[in-house]
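Student: Just dropping this structure here.
The values are calculated or read from the model by the stated rules, or taken from the named source; none is laboratory data. This is a predicted model, so every value here is computed, not measured. So basically every Cβ, Gly included, is an ideal-geometry build from the backbone, and we count neighbours across all protein chains shown. Ligands, DNA and RNA are excluded from the accessible area calculation, which covers all protein heavy atoms including side chains. Shrake-Rupley method; radii C 1.70, N 1.55, O 1.52, S 1.80 Å.
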Amino acid sequence: MPAPHLLLERDGHVAIVTLNRPEARNALSGEMLVRMHDAWVEIDEDPDIRVAVVTGAGGHFCAGADLKAMAAGHPDDEWTPRFQADPDLHWRALLRHFRPRKPLVAAVEGYAVAGGTEILQAMDIRVAGESAVFGVAEVRRGLFPLGGSTVRLRRQIPYTVAAELLLTGRQMPAAEAKAVGLIGHVVPDGQALAKGMELAQQVAANGPLAVQAVLASLRAGADLHEEAALERELELGSPVFLTNDAREGPTAFAEKREPRFTGT
């Protein structure tokens, strides 16, 4: 039986999402998109999951759309009914119209181009191997990057760099991606997942309600003027102080032990 195009595993409070079409550099298939959508929903809804690491199998992150399947007209398969029943499914799968309330950590090796760079922009912490490459190459194929890059990329890196990437379709090496702020860490090839897991475990050790509120404020503030963002910060942050975890953290500090957060 063929391996599924996406794997969802767990390590304690950390979910590990692996794009799993290594023979196609993890290009997006209908099956992969359906499984991505379902993974994001599970991560969002399961209180035992506090953070997720997203990576790719076979030394690559994601090469974007499957151009061969696109050229063939995307023949119907067993996954087609899911798309017919939910026309927005693929946009949520690509994190365009939906993002889990939990932090997403990208662990990138090899190609993260086109749709690979597009989904990357919806992730919060980003690590890459030193040979990783990024880019939004749709214009080179006469296509438009509808995964959100014309909106998100210019908000995450300098405008002129975003414009160059989007209009030329060129690829950006990991060192440059870190220099402009698209990613946060460059590690030796083959070590991106280990570094991503290290960061994820640090996040998972923190109070989950506090983490989710901080993340929500970070995301909301990106689209608001400062006064409105500060007001939203109070709305999101103040309830955290009424939780059991907010009592447990200072208590554990006073008792010189590690806190035991419960997400309540």
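Student: Amide H of Ala15: which non-local residues (sequence gap of 5 or more, or other chain) have their own amide H closer than 5 Å, using H built in the peptide plane?
Tutor: Arg50, Val51, Ala52, Val53
Student: If you roll a 1.4 angstrom probe over the protein chains with everything in place, what fraction of the accessible area of segment 77-196 belongs to carbon and sulfur, to the nearest %?
Tutor: Numbers: 2960 of 5370 Å².
Carbon and sulfur atoms account for 55 percent of the accessible area of segment 77-196.
Student: Sorted by accessible area (1.4 Å probe), largest first, how do Leu236, Leu193, Leu104 line up?
Tutor: Numbers: Leu236 35, Leu193 70, Leu104 0 Å².
Ranked from most to least accessible, the order is Leu193, Leu236, Leu104.
Student: Please list the non-local residues whose amide H lies under 5 Å from the amide H of Met172, H modeled 1.01 Å from N, same-chain partners needing a gap of 5 or more.
Tutor: Phe134, Gly135
Student: Could you provide, to the nearest whole Å², the per residue accessible area of segment 82-181 with probe 1.4 Å?
Tutor: It amounts to 43 Å² per residue over segment 82-181.
Student: Amide H to amide H, which residues 5 or more places from Gly56 or on other chains are under 5 Å from it, using H placed in the peptide plane?
Tutor: Residues meeting the amide H criterion: Leu19, Glu109.
Student: Quick one: what are the phi-derived ³J(HN,Hα) couplings along segment 49-61, Karplus 6.51/-1.76/1.60 with θ = phi - 60°, whole Hz, x for glycine and proline?
Tutor: 8, 10, 6, 10, 10, 10, 9, x, 8, x, x, 9, 7
Student: Could you derive backbone 3J(HN,Hα) for segment 108-114 from the dihedral phi with the Karplus parameters 6.51, -1.76 and 1.60 (θ = phi - 60°), listing whole Hz in sequence and x where the residue is Gly or Pro?
Tutor: After applying 6.51 cos²θ - 1.76 cosθ + 1.60, I find 9, 10, x, 7, 10, 10, 6 Hz.
Student: A follow-up question, please. Would you work out if segment 1-154 is rounded, prolate or oblate? Take a ≥ b ≥ c from the square roots of the eigenvalues of the alpha-carbon gyration tensor; rounded if a/c is under 1.5, else prolate when a/b is larger than b/c, oblate otherwise.
Tutor: The shape class here is rounded.
Student: To continue, here is another question. Have a look at the DSSP beta bridges in the chain and tell me what percent are antiparallel, nearest 5.
Tutor: 30 percent
Student: I've got another one for you. Answer with one residue from Ala85, Ala179, Gly148: the one whose Cα lies farthest towards the positive end of the charge dipole of the chain, charges on Cβ with Lys, Arg +1 and Asp, Glu -1.
Tutor: Ranked along the dipole, the leading option is Ala179.
Student: Taking 0.36 nm per residue of separation and subtracting the Cα-Cα distance, what length does fully extending Glu176 through His225 add?
Tutor: 14.7 nm
Student: Counting only the heavy atoms of the protein chains, how much of Lys195 is accessible to a 1.4 Å probe, in Å² to the nearest 10?
Tutor: 50 Å²
Student: Once you have the Cα-Cα distance between Gln201 and Asp44, take 0.36 nm times their residue separation minus that, and quote the gain in nm to one decimal.
Tutor: Here the answer is 54.8 nm.
Student: With a point put 7 Å past each Cα toward its Cβ, work out how far Ala194 is from Glu258 in nm, to one decimal.
Tutor: Simple spin-label model gives 2.1 nm for this pair.
Student: Say R0 is 25 Å: what FRET efficiency, to the nearest 0.05, do Tyr159 and Glu130 get from their beta-carbon distance?
Tutor: Efficiency at R0 = 25 Å is approximately 0.40.
Student: Assuming a ≥ b ≥ c are the square roots of the Cα gyration tensor eigenvalues, decide whether segment 132-253 counts as rounded (a/c under 1.5), prolate (otherwise, with a/b larger than b/c) or oblate.
Tutor: Note, shape of segment 132-253 comes out oblate.
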